[in-house]
Amino acid sequence: MTHFAIRLTTLAMFSVAVAATPSLSPVFFTPAYAAGGDTPSAPPASDTKGTKDKKKKSETRNPNTENAAFLANYRTAYATVYDKQDYTAAIAQLKALGQDDRADVANLIGYSYRKLGDYKVSQIWYERALKADPAHVRTWQYYGLWQVEQGNRDQAQYHLNKIAMLSGKDSAEYKSLAAALEKAPGSGPTY
C-alpha cells in the first residue's frame, strides 16, 4: 500500500508539473488571446543592468502621468493610422513615443511602412514587434498579410496557423488573413 501511495503522489505531482509547463499548456488549456488595439500592451520588462543614476531619475518621475501621456499620444498615432491613413505622420508620432520595443508600437510602425510600400523596413518592424511579444496576434496577422503581398503564401499560411493557435479560427485576425489567402495570387492589395 505504501508503494501505491508513493506512485499515486508522484503521478499527481507529475501531472501538475506538466499542466504548468508553458510550452505544453495549450494542449491542456484554452490559450489566452492577444490582438492589439488603441490601448497598447504593457512595455517589456526593463533592463536590470541600470545604473544608480537611472534609478534616481525614475524615482522622481510620476509613472501615472507618463503613462497617461503615452496612452494619449499612442491613441493619437493610432487614429492617424486608421482614421486619417496618414502613414508618414503616424510613423513620426509612433517613433516620438520612445517605446519602439512595445509590440503594439512596432507593429503599427511596420503596418505604416507596409502601407507606404516600403516592405523591407516594414519587415524589420514586424520582426521587432514579434521579438517584443511572440504572441502578439495582430502582428502575426499584419506580417502574414505582408507575406501574401510578397507572394510568400507558404509563410502566410504559417502565420495563419500561428494565429489559430493563439486566438482561434473565429478571431478577426484569423479571418482577415484567411480571406487574403483565399484570393488568387496577384489579385491586388490584401488589407
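The values are calculated or read from the model by the stated rules, or taken from the named source; none is laboratory data. Computed from a prediction, not measured in an experiment: that's the story for all the values here. As a convention, Cβ positions derive from the backbone with ideal geometry for all residues, glycine included, and neighbour counts pool all protein chains shown.
A few remarks follow.
- From the options Asp104, Asp100, residue that is part of a helix (DSSP H, G or I), of a type in the set (Asp, Glu) and out of contact with any strand residue (DSSP E or B) (no Cβ under 8 Å at 6 or more places or on another chain): Asp104
- Tyr33 vs. criteria within 23 Å of Ala132 (Cα to Cα), at pLDDT 70 or above and among the aromatic types (Phe, Trp, Tyr): no
- One residue from Asp133, Asp86, Asp118 being over 27 Å from Gly168 (Cα atoms), in contact with a helix residue (DSSP H, G or I) (Cβ under 6 Å, 6 or more places away or on another chain) and acidic (Asp, Glu): Asp86
- Filtered residue count, region 145-175, keeping only those that are among the small types (Gly, Ala, Ser), in contact with a helix residue (DSSP H, G or I) (Cβ under 7 Å, 6 or more places away or on another chain), in a helix (DSSP H, G or I) and touching a residue at least 12 places away in the same chain (Cβ under 8 Å): 2
- Scanning region 66-108 for residues that are among the acidic types (Asp, Glu) and surrounded by 14 or more Cβ atoms within 10 Å (Cβ to Cβ), we see that the one that is farthest from Ala135 (Cα to Cα) is Asp86.
- The numbered conditions (1) surrounded by fewer than 21 Cβ atoms within 10 Å (Cβ to Cβ); (2) more than 16 Å from the chain's Cα centre (by Cα) are all true for Ala164 except (2).
- With respect to (1) part of a helix (DSSP H, G or I); (2) farther than 15 Å from Pro40 by Cα, the lone exception for Lys84 is condition (1).
- Pairs, first more than 10 Å from Trp146 (Cβ to Cβ) in region 105-125, second part of a helix (DSSP H, G or I) and among the acidic types (Asp, Glu), C-beta under 9 Å, six or more apart: Ala106/Glu127
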